[in-house]
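These notes are about the structure you will find just below.
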Amino acid sequence: MRLSQMLLVTLREDPAEAEIPSHKLLVRAGYIRRIGSGIYAYLPLMWRVLQKVSQIVREEMDATGAQESLLPQLQPSELWQESGRWDTYTKAEGIMFSLIDRQERQLGLGPTHEEVITAIARDLIRSYRQLPLNLYQIQSKFRDEIRPRFGLMRGREFIMKDAYSFHTDEESLKKTYKDMDVAYRNILSRCGLEFRAVEADSGAIGGSGSQEFMILAEAGEDEILYTKDGKYAANVEKAVSLPADVVTSPFSSYQKLATPDTATIAKLCDTLKCSPTAVVKNVLYETIYDNGITVLVLISIRGDEDVNEVKLQNELVKLAADYDASTIIALSVPDADAQQKWSSQPLPLGYIAPDIEDSYISKKENIAPQFLRMVDKTATDLTNFVTGANESGYHLVGANWRDNFALPKLVVDVRIAQKGDRAFHDPTQTLQSARGIEAGHIFQLGTKYSQAMGATYTNEQGKNEPIWMGCYGIGVSRLAQAAVEQSYDEDGIIWPVAIAPYHAIVIIPNINDSEKVQVAEKLYQELNAVGVETLLDDRKERAGVKFKDSDLIGIPYRITVGRSLSEGKVEVVTRKTKESQDIPLEEVVSTIKNWVGNC
RNA sequence: CGGGAUGUAGCGCAGUGGUAGCGCGUCUGUUUUGGGAACAGAAAGUCGUAGGUUCGAUUCCUACCAUCCCGACCA
């Protein structure tokens, strides 16, 4: 491609709309343009990058025996009613765009394709002989994100590869899951990315095991905890660890002490000269179930620990049936305003005890009349502990479960693991922290969707069984931007060779020098002929402009047909290292071809 | 949805109760030609939208819309 003919508009200044480096650079370098919030146009250079990524994904998926197909983005609501996700996805989760056609039929724009694929499986898969099977597609997904962010990182329309596998049993599912794990590692490695596979929470998709593939980058939205021995890595949402050892409580008798101005654990421990591990703190949450019922949740947890809201949410979803609901739509720590809506009197904030009376909750419609009390495992074994006295300015010390407080029946694990905690598998290892961008996520769905939608197969005994399913996603457009986030410098993008829009660029510093133009043209032709995807900067611009643009758009190899041509050489600069060398004209093509081939 | 901010030329910004300017970019010409050239000239804006206050609003007020940032959601 000749730059003189390409739509390439680069900006000198950072666009105001962008916050993180990769977003700024993609806009500045003319790769993307925002059309609306979370909606982007992929310009010619970007589309090439996306095609490169897609092709790598395709090759690795095909290598596992998966088959490419293409499912509709426009999906009838009936399918989603069947799986039970229509209401949660259009209302509670609110992630699906929905619309009504002229026949008053309700449709959704596909945020994901479990329903469609399960309908196909139900139709087409009849016998165990057809299994296992893995179908995938690469297409745009639509999600009504509450807050689109960071360019392609969280768009409302984005490109994703999603795959769905079908099996006779769990063992077969696990095998494909493992294959996908390997394929995903290959994909990310081939894209030239630094990444980590981590244990993950499976969220709204559901199912049992799930693993995320995180591209390591400071701007990542997720925190990863891992051990240096490489044996453990998990999203902080899912991570587990050993809590710190308990320091014995200095109190031996049960009594109430005045502890003014100790609403925080730190101040309390300072005043009472005790360890936070001797404290039972009681954290209040407010959750709203999808049937509109508000439930006040009181979690008793050890003073030095914090609540992991994802784990808490999972616990609350499990309890939904107790409130005649199917899922929760909100979870928050109620602020003063929120408390006013349900409290009958001001709460002794900072001094709450595990047995705070239910009478603090006003009798109102849609508000559960009792606190949902649960205790985190870390707090169950404490003895002679310190906790609130349900009275501002006072704490109880030397307290014990059973003697002084009933231990809540719900014993849960909702503590958040933190950097520095000891690892479960090996207490000599401590958890390290890193930030990452979730580029891929693989799930073992089990029979959740097949049972809901009646997708069964006939086994060897002639009996109908639900099909076991797995699903596997990669954010193609997100991955592309994450690659930039991981690799750039003050001059611009540094693409890994495998996903760069072009491998090389031939620059003619002076377009009026016809000899150099001829040499450059010839080089350009020859490079392309041997498979080195090459740009020719034949624009009527000064050399400086061409160098700046070349660095900004991040082409891996830059060939300048300039001064050294008098010695029969051209200058070749590697974008990543900025290393420059003069290479004899006749060797350039083979040299670059080699470099590109080896990447 | 809660909290915060911003909307003025293609981009980045300044500014004013009397209807607008700067830098970059764009176009023309001359010179220049290996790290975003210099000079001369030119084009380009219903000052986010709708109301209101006012003799007069881009400026003050109100509402709405859009965009961005912090939280819950997710590839």
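The values are calculated or read from the model by the stated rules, or taken from the named source; none is laboratory data. The structure displayed is predicted, hence computed values, not measured ones. Note that each Cβ is placed from the backbone with ideal geometry, even for glycine, and that neighbours are counted across all protein chains shown. Ligands, DNA and RNA are stripped out before the accessible areas are found, and what is left, the full protein with its side chains, is counted by its heavy atoms. Shrake-Rupley method; radii C 1.70, N 1.55, O 1.52, S 1.80 Å.
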Review point. Yes or no: A:Leu173 of a type outside the set (S, T, N, Q), more than 13 Å from RNA strand B (Cβ to nearest atom), touching a residue at least 40 places away in the same chain (Cβ under 8 Å) and in the same structural domain as A:His23 (by TED's automatic domain parsing)?
Key: yes
Study note, to complete from the structure: Flagged pairs (Cβ under 7 angstrom, 6 or more apart or on separate chains; first in the range A:9-21, open to solvent by 80 Å² or more (accessible area, probe 1.4 Å); second within 6 Å of RNA strand B (Cβ to nearest atom)) are A:Glu19/A:Phe150
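Would you call A:Arg12 in the same structural domain as A:Leu173 (by TED's automatic domain parsing) and part of a strand (DSSP E or B)?
no
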Review point. Is there a residue in the range A:72-83 that is under 30 Å from A:Gly220 (Cα atoms), away from RNA strand B (no atom under 14 Å from the Cβ) and without any contact (Cβ under 8 Å) to a residue 40 or more places away in the chain?
Key: no
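If you go through the range A:189-207 one residue at a time, do you hit one that is of a type in the set (Lys, Arg) and more than 9 Å from RNA strand B (Cβ to nearest atom)?
Yes, the range A:189-207 has at least one match.
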Exercise for review: Check the range A:279-302 and report whether any residue there is part of a helix (DSSP H, G or I), over 25 Å from A:Leu382 (Cα atoms), of a type in the set (Gly, Ala, Ser) and at pLDDT below 90.
Suggested key: no
Point to revise | Flag if A:Ser165 is more than 10 Å from RNA strand B (Cβ to nearest atom), open to solvent by less than 20 Å² (accessible area, probe 1.4 Å), assigned by TED's automatic domain parsing to the domain that holds A:Gln444 and polar (S, T, N, Q) | key: yes
Practice item. Being touching a Gly at 6+ places or on another chain (Cβ under 8 Å) and under 25 Å from A:Ala498 (Cα atoms) is the filter; apply it to the range A:559-584 and report the residue that is most open to solvent (accessible area, probe 1.4 Å). Key: A:Glu571
Revision key, fill the gap. From the option list A:Thr271, A:Thr287, A:Thr262, single residue qualifying as open to solvent by less than 50 Å² (accessible area, probe 1.4 Å) and within 18 Å of A:Ile352 (Cα to Cα) is A:Thr262
Check your understanding: On the given criteria, is A:Ala482 closer than 30 Å to A:Asn186 by Cβ, within 13 Å of RNA strand B (Cβ to nearest atom) and assigned to a helix (DSSP H, G or I)?
Key -> yes
Check your understanding: Out of curiosity, is A:Gly544 over 24 Å from A:Leu479 (Cβ atoms), surrounded by fewer than 15 Cβ atoms within 10 Å (Cβ to Cβ) and not aromatic (Phe, Trp, Tyr)?
Key -> yes
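This table checks each residue for (1) part of a loop (DSSP other than H, G, I, E, B); (2) touching a strand residue (DSSP E or B) at 6+ places or on another chain (Cβ under 9 Å).
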{"site": "A:Tyr502", "(1), (2)": "yes, yes"}
{"site": "A:Gln518", "(1), (2)": "no, no"}
{"site": "A:Leu523", "(1), (2)": "no, yes"}
{"site": "A:Leu527", "(1), (2)": "no, yes"}
{"site": "A:Gly531", "(1), (2)": "yes, no"}
{"site": "A:Leu535", "(1), (2)": "no, yes"}
{"site": "A:Leu552", "(1), (2)": "no, yes"}
{"site": "A:Lys576", "(1), (2)": "yes, yes"}
{"site": "A:Asp582", "(1), (2)": "no, yes"}
Exercise for review: Filter the range A:559-568 for residues that are within 9 Å of RNA strand B (Cβ to nearest atom) and not in a helix (DSSP H, G or I) and give the result.
Suggested key: A:Thr560, A:Val561, A:Gly562
Study note, to complete from the structure: With the first residue restricted to the range A:108-136 and required to be among the small types (Gly, Ala, Ser), and the second required to be open to solvent by 20 Å² or more (accessible area, probe 1.4 Å) and not in a strand (DSSP E or B), Cβ contacts under 7 Å at 6 or more apart or on different chains are A:Gly108/A:Thr90; A:Gly108/A:Phe97; A:Gly110/A:Gln73; A:Ala119/A:Leu79
Check your understanding: In the range A:340-366, what residues are touching a residue at least 40 places away in the same chain (Cβ under 8 Å) and surrounded by 15 or more Cβ atoms within 10 Å (Cβ to Cβ)?
Key -> A:Trp342, A:Leu347, A:Pro348, A:Gly350, A:Tyr351, A:Ile352, A:Ala353, A:Pro354, A:Asp355, A:Ile356, A:Ile361
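Let's see how each residue does on (1) over 24 Å from A:Asp376 (Cα atoms); (2) open to solvent by 40 Å² or more (accessible area, probe 1.4 Å); (3) out of contact with any Asp or Glu (no Cβ under 7 Å at 6 or more places or on another chain); (4) outside any loop (DSSP other than H, G, I, E, B):
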{"position": "A:Pro408", "(1), (2), (3), (4)": "no, no, yes, no"}
{"position": "A:Gln418", "(1), (2), (3), (4)": "no, yes, yes, no"}
{"position": "A:His425", "(1), (2), (3), (4)": "no, yes, yes, no"}
{"position": "A:Arg435", "(1), (2), (3), (4)": "yes, yes, no, yes"}
{"position": "A:Glu438", "(1), (2), (3), (4)": "yes, yes, no, yes"}
{"position": "A:His441", "(1), (2), (3), (4)": "yes, no, no, yes"}
{"position": "A:Gln444", "(1), (2), (3), (4)": "yes, no, yes, yes"}
{"position": "A:Tyr449", "(1), (2), (3), (4)": "yes, no, no, yes"}
{"position": "A:Ala452", "(1), (2), (3), (4)": "yes, yes, no, yes"}
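So that you can scan it fast, the table gives a plain yes or no per residue for (1) within 9 Å of RNA strand B (Cβ to nearest atom); (2) farther than 30 Å from A:Ile20 by Cα; (3) open to solvent by less than 50 Å² (accessible area, probe 1.4 Å):
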{"site": "A:Val497", "(1), (2), (3)": "no, no, yes"}
{"site": "A:Ile505", "(1), (2), (3)": "no, no, yes"}
{"site": "A:Asn512", "(1), (2), (3)": "yes, yes, no"}
{"site": "A:Glu526", "(1), (2), (3)": "no, yes, no"}
{"site": "A:Ala529", "(1), (2), (3)": "no, yes, no"}
{"site": "A:Asp551", "(1), (2), (3)": "yes, no, yes"}
{"site": "A:Tyr557", "(1), (2), (3)": "no, no, yes"}
Exercise for review: Looking at (1) within 11 Å of RNA strand B (Cβ to nearest atom); (2) of a type in the set (D, E, K, R); (3) buried (at least 18 other Cβ atoms within 10 Å of the Cβ), find the lone condition where A:Asp538 falls short.
Suggested key: (1)
Practice item. Give the range A:307-339 a look and list any residue that's in contact with a strand residue (DSSP E or B) (Cβ under 7 Å, 6 or more places away or on another chain), part of a loop (DSSP other than H, G, I, E, B) and open to solvent by 30 Å² or more (accessible area, probe 1.4 Å), or say none. Key: A:Val333
